[in-house]
1. Quick check, is ALA243 touching a helix residue (DSSP H, G or I) at 6+ places or on another chain (Cβ under 8 Å), small (Gly, Ala, Ser) and not assigned by TED's automatic domain parsing to the domain that holds TYR106?
2. Quick check on my filter: what residues within the stretch 132-173 are surrounded by fewer than 17 Cβ atoms within 10 Å (Cβ to Cβ), closer than 27 Å to SER186 by Cα and of a type in the set (Gly, Ala, Ser)?
3. Here is a check on your reading of the model: is HIS209 at pLDDT 95 or above and either touching a Ser or Thr at 6+ places or on another chain (Cβ under 6 Å) or polar (S, T, N, Q) (or both)?
4. Do you know which residues across the stretch 110-131 are surrounded by 12 or more Cβ atoms within 10 Å (Cβ to Cβ) and within 30 Å of LYS143 (Cα to Cα)?
5. Quick one: would you say ALA103 is under 29 Å from VAL65 (Cβ atoms), more than 19 Å from the chain's Cα centre (by Cα) and aliphatic (A, V, I, L, M)?
6. Name the residues in the stretch 57-112 that are without any contact (Cβ under 8 Å) to a residue 60 or more places away in the chain, hydrophobic (A, V, I, L, M, F, W, C) and outside any strand (DSSP E or B), would you?
7. Applying the selection to the stretch 81-109, what residues are buried (at least 21 other Cβ atoms within 10 Å of the Cβ) and hydroxyl-bearing (Ser, Thr, Tyr)?
8. Restricting the first residue to the stretch 225-240 and requiring it to be under 14 Å from HIS195 (Cα atoms) and touching a residue at least 60 places away in the same chain (Cβ under 8 Å), which pairs with a second residue that is crowded, with 21+ Cβ neighbours inside 10 Å and of a type in the set (Ser, Thr, Tyr) meet a Cβ separation below 9 Å and a spacing of at least six or different chains?
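The values are calculated or read from the model by the stated rules, or taken from the named source; none is laboratory data. Remember, it's a predicted structure, so these values are computed and weren't measured experimentally. Cβ atoms come from the backbone with ideal geometry, glycine included; neighbour counts cover every protein chain shown.
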Amino acid sequence: MKKKLTSLIVASVFGSFLCGTAFNAYSYSTKDSKDVDKQKVEVKHAAIAPPQLEQLIKNGVVKLVETFKHGNYVGYLVESDGEYHLYWATNDNMVIAGPLIDANGYNITDQYLNEKMPKPDYSAIYKDILSDKGVINTHPEYKSDKGTMYVFVEPFCGWCAKYHQQLEPLIKNGLNVKWVPVSFLSEKSNGVIQHVFDQANPSEAWDLHVDSLHKSEPIVSVATEATKAAISGNSELMQRLGAKGTPATVYMLNGKVHVGGIMEQSKLIALAEQLNAERIGK
């Protein structure tokens, strides 16, 4: 009830700005984590919040965690009942409650949330992703999962296709990516995934599907109960990892599990180098 009440209060203050919630891109939850160090969450109050946001803070509806500058915007990271939200304020006291997208199409809100909010320990959950059930392996010749990047994807997700293009040259250069398909955008999604699973080279079949997305009709097969169960399991795993949408990136580096979204190419290249080094034991 408290969570619903908080949502109603926030909605009443920000009104139509909350249309961004449909993207599930600006709020994350850590309430199920047992290892979040509350002492590390300190307020760095660099600016006075706009009146409509200051009202929520003073009334205890949300707790201010940190403020910071990004260009002409001031970001306000707040927490309420274990969920973290990021709001942006303009110079004229307007508040943006949805995703902030830069000129290159990257979700700045997501990037700051991934960087600044307390991170749960996903180690136990990560073990479940190693089963290789219901995944598309780009390098089946590799005998170890060290240095592997898992990417949750939806067959009709445009951002997934963009991410695929970014990752292709890195995969050719040795990066081990395992696509973890989920289904929620189209009634044809299950059929596409089934067709890919049925091929002798699923990774190549997935590449062909992504390359032809929105150019031709997708090839589908009748999804088996086993495939439906695998897709459902992938969706459940994605939720347990706290990922709110696709593409979602999951990997282990230096013994720590990381969960995030799409990355800028420079950061992706640097990460690929680190994962490749971990895979070959450098």
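1. Numbers: touching a helix residue (DSSP H, G or I) at 6+ places or on another chain (Cβ under 8 Å): no; small (Gly, Ala, Ser): yes; not assigned by TED's automatic domain parsing to the domain that holds TYR106: yes.
Spelling it out, it is not the case that ALA243 is touching a helix residue (DSSP H, G or I) at 6+ places or on another chain (Cβ under 8 Å), small (Gly, Ala, Ser) and not assigned by TED's automatic domain parsing to the domain that holds TYR106.
2. Within the stretch 132-173, just GLY158 meets the criteria.
3. On the way: at pLDDT 95 or above: yes; either touching a Ser or Thr at 6+ places or on another chain (Cβ under 6 Å) or polar (S, T, N, Q) (or both): no.
No.
4. To start, the set of residues in the stretch 110-131 that are surrounded by 12 or more Cβ atoms within 10 Å (Cβ to Cβ) comprises 110-114, 116-123, 125-126, 128-130.
Residues satisfying the conditions are LYS119, PRO120, ASP121, TYR122, SER123, ILE125, TYR126, ASP128, ILE129, LEU130.
5. Values: under 29 Å from VAL65 (Cβ atoms): yes; more than 19 Å from the chain's Cα centre (by Cα): yes; aliphatic (A, V, I, L, M): yes.
Yes; evaluated as a whole, the condition is true for this residue.
6. Scanning the stretch 57-112 gives ILE57, VAL61, VAL62, MET94, LEU100, ALA103, ILE108.
7. TYR84, TYR87, THR109
8. Pairs that qualify, where the first residue is under 14 Å from HIS195 (Cα atoms) and touching a residue at least 60 places away in the same chain (Cβ under 8 Å) and the partner is crowded, with 21+ Cβ neighbours inside 10 Å and of a type in the set (Ser, Thr, Tyr), are ILE231/SER183; ILE231/SER189.
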